[in-house]
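Report on the following structure.
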Amino acid sequence: MENQDEKLTPKAELLKFIGDRMVFLRKLEGYTNHDVFAYDKGINRSQYGKYEKGKSDLQISTLIRIIYSYNDMTIEKFFEGVDIPEEFTKRNSTTEGTK
């Protein structure tokens, strides 16, 4: 069982944020159950549940599909207010010179 005092890695924090946002948006649309929401939107129910719990990494194509399955949602709105961990925003010095 996970210790709540344990510090999450930056990636785990980001996945938790994404999952929490997904739960919030689903409930905002009146779905109390993630299975019903996923079924109605044509998303794998088991996998969607893992995404909401922040336990599974998403492919970008899957994330975009899920984001646009919510009413009146865009990628920009979905990520509004999130601090993207530095490890995802650092430029790789070996690829900078190839631009």
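Any idea which of Glu76, Glu80 is surrounded by fewer than 17 Cβ atoms within 10 Å (Cβ to Cβ), at pLDDT 90 or above and part of a helix (DSSP H, G or I)?
None of the others qualify; the one that does is Glu76.
Among the residues of region 19-56, which ones are out of contact with any Lys or Arg (no Cβ under 8 Å at 6 or more places or on another chain) and of a type in the set (Phe, Trp, Tyr)? Working first, answer last.
Taking region 19-56 and keeping what is out of contact with any Lys or Arg (no Cβ under 8 Å at 6 or more places or on another chain), we get 20-33, 36, 40-42, 44-51, 53, 55.
Answer for region 19-56, where residues must be out of contact with any Lys or Arg (no Cβ under 8 Å at 6 or more places or on another chain) and of a type in the set (Phe, Trp, Tyr): Phe24, Tyr31, Tyr48, Tyr51.
Working only within region 43-61, note down all residues that are free of Cβ contacts under 8 Å to residues at least 12 places away in the same chain and farther than 21 Å from Glu13 by Cβ.
Answer for region 43-61, where residues must be free of Cβ contacts under 8 Å to residues at least 12 places away in the same chain and farther than 21 Å from Glu13 by Cβ: Asn44, Arg45, Ser46, Ser61.
The values are calculated or read from the model by the stated rules, or taken from the named source; none is laboratory data. What you see is a predicted model, and the numbers here were worked out from it, not measured in a lab. So basically every Cβ, Gly included, is an ideal-geometry build from the backbone, and we count neighbours across all protein chains shown.
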